[in-house]
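*Asks:* Here it is, the structure, as structure tokens.
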Amino acid sequence: QVQLVESGGALVQPGGSLRLSCAASASIFNMDVMGWYRQAPGKQRELVATVTSAISTNYADSVKGRFTIFRANAKNTVYLQMNSLKPEDTAVYYCNAQTRTNDYWGQGTQVTVSS
């Protein structure tokens, strides 16, 4: 069983930046896909960004050009750099890790974009 712990969520003004971190309790080297998802109040959880073991990335259209996902295998950590934040980015952000047989989730970290 792999534990994922997110951190870095905060209250930030529109146009600001945040970096979220997801620390895994075990090696992420063999995780096929790691990603970030978010869930806003009253909405379904949605994909934000993913990165594969081959460092191929995928982004939701709403965050392309503003967010960057990257993984540091040596630190067992995946990051989400968020720039030019908008109020509509407000949500709980969840870390996810997938192998062929398992799917792991963190507990989430709150990001609030407001003036």
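*Asks:* Does a label point 7 Å from the Cα of residue 29, set along Cα-to-beta-carbon, have any residues of the range 62-85 with amide nitrogen under 18 Å, and which are they?
*Replies:* Only 71-78 fall inside the zone, counting backbone N under 18 Å.
*Asks:* Still on this structure: Over the range 14-98, with the other protein chains present, what is the accessible area per residue in square angstrom, probe 1.4 angstrom?
*Replies:* Ligands and nucleic acids excluded, the figure is 48 Å² per residue.
*Asks:* Summarise the accessible area of the chain (1.4 Å probe, protein heavy atoms) by the percent that is carbon and sulfur. Write out the running numbers ahead of the final one.
*Replies:* Values: 2870 of 6080 Å².
The C+S portion of the solvent-accessible surface of the chain is 47 percent.
*Asks:* Find which of 68, 23, 48 sits farthest along the positive direction of the dipole of the chain, computed with +1 on the beta-carbon of Lys and Arg, -1 on that of Asp and Glu, about the Cα centre.
*Replies:* 68
*Asks:* Rounded to whole Hz and in sequence order, give me ³J(HN,Hα) for the range 88-101 from the Karplus expression 6.51 cos²θ - 1.76 cosθ + 1.60, θ = phi - 60°, writing x for Gly and Pro.
*Replies:* Per-residue couplings from phi come out as 6, 7, 4, 4, 8, 9, 10, 8, 9, 9, 10, 10, 5, 10 Hz.
*Asks:* Using 0.36 nm per residue, how much length does the chain from residue 75 to residue 110 gain when fully extended, once their Cα-Cα distance is taken away?
*Replies:* 10.3 nm
*Asks:* Also, I was wondering about something else. Dipole of the chain, Cα-centred, from +1 at each Lys and Arg C-beta and -1 at each Asp and Glu C-beta, to the nearest 20 debye? Numbers along the way, then the final one.
*Replies:* Working: 10 positive and 7 negative charges, 28 e Å.
That gives a dipole near 140 debye.
*Asks:* Sticking with this structure for a sec: Classify the chain from the C-alpha gyration tensor, please: rounded if a/c falls under 1.5, else prolate or oblate depending on whether a/b exceeds b/c.
*Replies:* Prolate is the answer for the chain, as a/c is 1.5 or above and a/b outweighs b/c.
*Asks:* On to the next question. Could you go through the range 27-41 in sequence order and give the Karplus-derived ³J(HN,Hα) for each residue, using 6.51 cos²θ - 1.76 cosθ + 1.60 with θ = phi - 60°, rounded to whole Hz, and x for Gly and Pro?
*Replies:* 4, 9, 4, 9, 6, 5, 9, 10, x, 10, 10, 9, 9, 8, x
*Asks:* For the chain, what's the relative contact order in percent, using C-alpha pairs closer than 8 Å and at least 6 residues apart?
*Replies:* Working: 285 pairs, mean separation 42.2, N = 115.
Relative contact order of the chain: 37 percent.
The values are calculated or read from the model by the stated rules, or taken from the named source; none is laboratory data. All values reported here derive from a predicted model rather than from experimental measurement. Ideal geometry is used to build each Cβ from the backbone, glycine not excepted, and the neighbour counts take in all protein chains shown. Remember, those area values only see protein heavy atoms, side chains included, never the ligands or the DNA or RNA. Shrake-Rupley method; radii C 1.70, N 1.55, O 1.52, S 1.80 Å.
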